[in-house]
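Accompanying notes for the structure given below.
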Amino acid sequence: QVQLVESGGGLVQAGGSLRLSCEISRTIFSLNLRGWFRQAPGKQRELVATITTGGTTTYADSVKGRFTITRDGAKDTFYLQMNSLKPEDTAVYYCNAKRFPSSTIASNYWGQGTQVTVSS
(Lines give C-alpha, C1' and ligand atoms only; values in the text may rest on other atoms or scores of the structure.)
Protein backbone atom coordinates (compact mmCIF):
# COMPACT_ATOMS: atom_id res chain seq x y z
CA GLN A 1 0.00 0.00 0.00
CA VAL A 2 1.20 3.54 -0.75
CA GLN A 3 2.39 5.29 2.41
CA LEU A 4 3.40 8.95 2.86
CA VAL A 5 5.31 10.31 5.87
CA GLU A 6 5.85 14.04 6.55
CA SER A 7 8.61 15.58 8.63
CA GLY A 8 10.16 18.99 9.30
CA GLY A 9 7.41 20.82 11.16
CA GLY A 10 8.02 22.83 14.29
CA LEU A 11 7.84 26.19 16.01
CA VAL A 12 9.37 29.23 14.32
CA GLN A 13 9.18 33.01 14.71
CA ALA A 14 7.50 35.19 12.11
CA GLY A 15 9.86 35.82 9.21
CA GLY A 16 11.65 32.52 9.70
CA SER A 17 11.86 29.43 7.50
CA LEU A 18 11.06 25.72 7.62
CA ARG A 19 11.52 22.87 5.16
CA LEU A 20 8.97 20.05 5.08
CA SER A 21 9.71 16.63 3.58
CA CYS A 22 7.38 13.89 2.35
CA GLU A 23 8.71 10.37 1.83
CA ILE A 24 6.69 7.94 -0.28
CA SER A 25 6.94 4.17 0.03
CA ARG A 26 7.41 1.87 -2.94
CA THR A 27 4.38 1.41 -5.13
CA ILE A 28 3.62 -0.74 -8.14
CA PHE A 29 1.84 2.10 -9.93
CA SER A 30 2.94 5.59 -10.92
CA LEU A 31 1.73 8.79 -9.25
CA ASN A 32 0.52 11.67 -11.39
CA LEU A 33 0.54 14.61 -8.97
CA ARG A 34 2.16 15.49 -5.65
CA GLY A 35 1.35 18.36 -3.36
CA TRP A 36 0.88 19.94 0.04
CA PHE A 37 -2.29 20.89 1.89
CA ARG A 38 -2.79 22.58 5.23
CA GLN A 39 -5.57 22.89 7.78
CA ALA A 40 -5.68 25.61 10.42
CA PRO A 41 -7.88 25.43 13.53
CA GLY A 42 -11.48 26.18 12.63
CA LYS A 43 -10.75 26.27 8.90
CA GLN A 44 -11.22 23.91 5.96
CA ARG A 45 -8.26 22.05 4.53
CA GLU A 46 -6.76 24.05 1.66
CA LEU A 47 -4.36 23.38 -1.18
CA VAL A 48 -0.94 25.01 -0.77
CA ALA A 49 1.18 23.81 -3.69
CA THR A 50 1.40 21.07 -6.33
CA ILE A 51 4.07 19.68 -8.63
CA THR A 52 3.54 17.52 -11.72
CA THR A 53 5.75 14.69 -12.94
CA GLY A 54 7.14 17.15 -15.48
CA GLY A 55 8.07 19.69 -12.81
CA THR A 56 5.28 22.21 -13.35
CA THR A 57 4.27 23.88 -10.08
CA THR A 58 1.22 25.74 -8.81
CA TYR A 59 0.73 27.73 -5.60
CA ALA A 60 -2.05 29.23 -3.59
CA ASP A 61 -2.11 33.02 -3.87
CA SER A 62 -1.43 33.34 -0.14
CA VAL A 63 1.97 31.62 -0.42
CA LYS A 64 3.23 32.72 -3.85
CA GLY A 65 6.73 34.13 -3.64
CA ARG A 66 7.31 32.64 -0.19
CA PHE A 67 6.90 28.84 -0.58
CA THR A 68 8.60 26.52 -3.07
CA ILE A 69 7.70 22.90 -3.83
CA THR A 70 10.42 20.63 -5.25
CA ARG A 71 10.91 16.94 -5.99
CA ASP A 72 14.01 14.77 -5.63
CA GLY A 73 14.74 12.91 -8.85
CA ALA A 74 16.84 10.24 -7.14
CA LYS A 75 14.47 9.49 -4.26
CA ASP A 76 10.69 9.28 -4.03
CA THR A 77 10.63 12.36 -1.81
CA PHE A 78 9.30 15.88 -2.26
CA TYR A 79 9.64 19.06 -0.21
CA LEU A 80 8.03 22.35 0.73
CA GLN A 81 10.47 25.17 1.46
CA MET A 82 8.64 27.84 3.47
CA ASN A 83 10.23 31.28 3.82
CA SER A 84 9.02 34.55 5.32
CA LEU A 85 6.56 32.65 7.48
CA LYS A 86 3.58 34.48 8.94
CA PRO A 87 1.38 33.64 11.94
CA GLU A 88 -1.47 32.89 9.53
CA ASP A 89 0.65 30.05 8.10
CA THR A 90 0.14 28.15 11.36
CA ALA A 91 -1.57 24.85 10.51
CA VAL A 92 -1.17 21.12 10.23
CA TYR A 93 0.49 20.44 6.88
CA TYR A 94 -0.31 17.26 4.94
CA CYS A 95 1.50 15.88 1.93
CA ASN A 96 -0.59 14.28 -0.77
CA ALA A 97 -0.13 12.14 -3.85
CA LYS A 98 -2.76 11.57 -6.49
CA ARG A 99 -3.20 8.88 -9.13
CA PHE A 100 -5.41 9.22 -12.20
CA PRO A 101 -6.16 5.70 -13.45
CA SER A 102 -8.64 7.18 -15.93
CA SER A 103 -9.98 10.56 -17.02
CA THR A 104 -12.86 10.30 -14.54
CA ILE A 105 -11.33 8.48 -11.54
CA ALA A 106 -8.71 9.71 -9.07
CA SER A 107 -7.18 8.17 -5.95
CA ASN A 108 -5.67 10.24 -3.13
CA TYR A 109 -2.98 9.20 -0.66
CA TRP A 110 -2.26 11.26 2.48
CA GLY A 111 0.47 11.65 5.06
CA GLN A 112 -0.26 11.83 8.78
CA GLY A 113 0.36 15.57 9.04
CA THR A 114 3.05 17.71 10.65
CA GLN A 115 2.40 20.77 12.84
CA VAL A 116 3.79 24.15 11.79
CA THR A 117 3.43 26.95 14.35
CA VAL A 118 4.53 30.51 13.58
CA SER A 119 4.76 32.87 16.54
CA SER A 120 4.45 36.64 16.34
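Scanning the stretch 72-100 for residues that are under 19 Å from SER25 (Cα atoms) and either without any contact (Cβ under 8 Å) to a residue 60 or more places away in the chain or touching a Pro at 6+ places or on another chain (Cβ under 7 Å) (or both) yields ASP72, GLY73, ALA74, LYS75, ASP76, THR77, PHE78. Residues in the stretch 3-32 that are modelled with pLDDT of 85 or more, more than 14 Å from the chain's Cα centre (by Cα) and open to solvent by less than 30 Å² (accessible area, probe 1.4 Å): GLY10, VAL12, GLY16.
When the stretch 1-47 is filtered for residues that are outside any strand (DSSP E or B), of a type in the set (A, V, I, L, M) and within 14 Å of TYR94 (Cα to Cα), only ALA40 remains.
On the stretch given as the stretch 110-120, residues that are over 12 Å from CYS22 (Cα atoms) and open to solvent by 30 Å² or more (accessible area, probe 1.4 Å) total 4. If the condition is being at pLDDT 95 or above, more than 13 Å from GLU23 (Cβ to Cβ), open to solvent by 30 Å² or more (accessible area, probe 1.4 Å) and part of a strand (DSSP E or B), then the stretch 78-109 contributes GLN81, VAL92, TYR94. Within the stretch 20-31, residues that are closer than 11 Å to VAL2 by Cβ have Cβ atoms under 6 Å from residues that are at pLDDT 70 or above and open to solvent by 30 Å² or more (accessible area, probe 1.4 Å) in these pairs: ILE24/ASP76; SER25/GLN3; LEU31/ARG99, counting only partners at least 6 apart in sequence or on another chain. Here ALA49 passes the criteria (1) of a type outside the set (Ser, Thr, Tyr); (2) open to solvent by 60 Å² or more (accessible area, probe 1.4 Å); (3) modelled with pLDDT of 95 or more; (4) over 19 Å from SER120 (Cβ atoms) except the one numbered (2).
Could you please let me know if LYS75 is open to solvent by 30 Å² or more (accessible area, probe 1.4 Å), at pLDDT below 95 and either within 22 Å of GLY8 (Cα to Cα) or not in a loop (DSSP other than H, G, I, E, B) (or both)?
Numbers: open to solvent by 30 Å² or more (accessible area, probe 1.4 Å): yes; at pLDDT below 95: yes; either within 22 Å of GLY8 (Cα to Cα) or not in a loop (DSSP other than H, G, I, E, B) (or both): yes.
In short, yes.
Among the conditions (1) touching a strand residue (DSSP E or B) at 6+ places or on another chain (Cβ under 8 Å); (2) part of a loop (DSSP other than H, G, I, E, B), LYS64 misses just one, which is (1). The single condition among (1) more than 16 Å from the chain's Cα centre (by Cα); (2) surrounded by 15 or more Cβ atoms within 10 Å (Cβ to Cβ) that GLY35 does not satisfy is (1).
The values are calculated or read from the model by the stated rules, or taken from the named source; none is laboratory data. All values reported here derive from a predicted model rather than from experimental measurement. Glycine also receives a Cβ, built like all others from the backbone with ideal geometry; neighbour counts cover every protein chain displayed. Ligands, DNA and RNA are excluded from the accessible area calculation, which covers all protein heavy atoms including side chains. Shrake-Rupley method; radii C 1.70, N 1.55, O 1.52, S 1.80 Å.
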